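K.L.:
This structure is in structure tokens; I'll ask about it shortly.
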Amino acid sequence: MLTPDAVLDALEGIDLYGDGRLLALNSYENRVYQVGMEDGPPLIAKFYRPSRWSDEAILEEHAFVSELHEREIPVVPALNIKGSTLHTFKGFRFAVFPKYGGRAPELDDRDTLQWIGRFIGRIHAVGALAAYRHRPALDIQSFGAEPVEFLLENKFIPYELIEVYRGVAALALEGVKRCYERAGKIDAIRLHGDCHVGNVLWTEDGPHFVDFDDSRMGPAVQDLWMLLSGERADQTQQLGDLLAGYEDFHEFNPRELHLVEALRTLRLIHYAAWIARRWDDPAFPTAFPWFDTQRYWQDRILELREQIALMDEAPLPC
């Protein structure tokens, strides 16, 4: 069991000595703590969920973030301590990071969007230089078909809604496939993978990007669409501002815009299955008490129906 004493003992094993101050941070996938240190500023200790990633996959992500940091891109790399960024303690795997503060960026400010776009462009320029070998790709099978199958086989969906969900999910995945067909051949690069507003922290010096835990191979637009919100006209303006900065550093293939609603659909399906796969973790029923209610699955079905219609609309212009 990962107790506060175990966290401090793990850090002492790599010669980092806490002063007893330990703050659990908001993270469901891993266990993350801010640890006050006897000598120096607080550090962030991330203890990885067992069996999610291989050691090779974790180290590959650490190497990518370090590569970005070396090129003065504002990311938060794992600290290399005793020759490694990944450590073990009594079966737990963990990494240590410097503590960075910040607030959510103001995405209604056009200059802010261009600034963020420039750095995403720089991240992608580096991400395109090599491919991951041990981390998976964002694709229809792993983000759509497999999650749907898991939800159905493990009876997470209320009995009276099973066939409705099965049919709507099938139509949604058909829509996703059509979007990919319209997009044609798209290059897959190393991505942040989960580039929503909560993973972009803002300071007086601009943005910095945190939590590359979901980094994987995929289309560049995956790191852009989650920063769009509002009506179609609003999203068009936001996209234009992001790309105005992005394309200073990396070329954007406009055919990827056919994938925006497809990727949103895959994320919605994957997210529900992500909660389901973690349901044995006591933190999840507490955090998501509505997950196993009929109302929740009715809303998911409605959501997918809306996505089916949106995927047949023309993509956002750029």
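K.L.:
Can you name the condition, by its number, that Asp248 falls short on among (1) acidic (Asp, Glu); (2) at pLDDT 95 or above; (3) farther than 20 Å from Cys195 by Cβ; (4) outside any helix (DSSP H, G or I)?
P.N.:
Status for Asp248: all satisfied but (3).
K.L.:
Another question about this same structure. Between a residue in the range 63-78 that is assigned to a helix (DSSP H, G or I) and any residue that is surrounded by fewer than 20 Cβ atoms within 10 Å (Cβ to Cβ), which pairs come within a Cβ distance under 7 Å, given they are 6 or more apart or on different chains?
P.N.:
Every condition considered, the pairs that remain are Val65/Pro77; Ser66/Pro77; Glu67/Val126; Leu68/Val126; His69/Pro77.
K.L.:
If you don't mind, another one. List the residue pairs whose Cβ atoms are under 9 Å apart, where the first residue sits in the range 215-244 and is among the hydrophobic types (A, V, I, L, M, F, W, C), the second is in a strand (DSSP E or B) and surrounded by 20 or more Cβ atoms within 10 Å (Cβ to Cβ), and the two are 6 or more positions apart or on different chains.
P.N.:
Matching pairs, first to second residue: Met217/Ile189; Met217/Arg190; Ala220/Ile189; Leu227/Val200.
Yes/no matrix, rows are residues, columns are (1) assigned to a strand (DSSP E or B); (2) out of contact with any helix residue (DSSP H, G or I) (no Cβ under 6 Å at 6 or more places or on another chain); (3) farther than 15 Å from Ile140 by Cβ:
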{"site": "Cys179", "(1), (2), (3)": "no, no, no"}
{"site": "Asp187", "(1), (2), (3)": "no, yes, yes"}
{"site": "Cys195", "(1), (2), (3)": "no, no, yes"}
{"site": "Gly198", "(1), (2), (3)": "no, yes, yes"}
{"site": "Pro207", "(1), (2), (3)": "yes, no, yes"}
{"site": "Asp211", "(1), (2), (3)": "no, no, yes"}
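K.L.:
Moving to a separate point now. Hey, among the residues in the range 141-172 that are hydroxyl-bearing (Ser, Thr, Tyr) and over 14 Å from Arg300 (Cβ atoms), which one's surrounded by the fewest Cβ atoms within 10 Å (Cβ to Cβ)?
P.N.:
Tyr159
K.L.:
Would the range 302-313 turn up any residue that is assigned to a loop (DSSP other than H, G, I, E, B), touching a residue at least 24 places away in the same chain (Cβ under 8 Å) and surrounded by fewer than 21 Cβ atoms within 10 Å (Cβ to Cβ)?
P.N.:
Looking for residues that are assigned to a loop (DSSP other than H, G, I, E, B), touching a residue at least 24 places away in the same chain (Cβ under 8 Å) and surrounded by fewer than 21 Cβ atoms within 10 Å (Cβ to Cβ), one finds at least one in the range 302-313, hence yes.
K.L.:
Can you name the condition, by its number, that Gln114 falls short on among (1) part of a helix (DSSP H, G or I); (2) under 22 Å from Asp214 (Cβ atoms)?
P.N.:
Failed condition: (2).
K.L.:
Can you run down the residue pairs with Cβ atoms below 8 Å, 6 or more apart or on separate chains, where the first is in the range 175-191 and over 15 Å from Phe252 (Cβ atoms) and the partner is among the basic types (Lys, Arg) and crowded, with 22+ Cβ neighbours inside 10 Å?
P.N.:
These pairs meet every condition: Arg190/Arg216.
K.L.:
Go through the range 99-127 residue by residue and tally those that are closer than 28 Å to Pro41 by Cβ, charged (D, E, K, R) and crowded, with 18+ Cβ neighbours inside 10 Å.
P.N.:
1
The values are calculated or read from the model by the stated rules, or taken from the named source; none is laboratory data. In this text, all values refer to a predicted model and were calculated from it rather than measured experimentally. Note: ideal-geometry Cβ built from the backbone for every residue, glycine included; neighbour counts use all protein chains shown.
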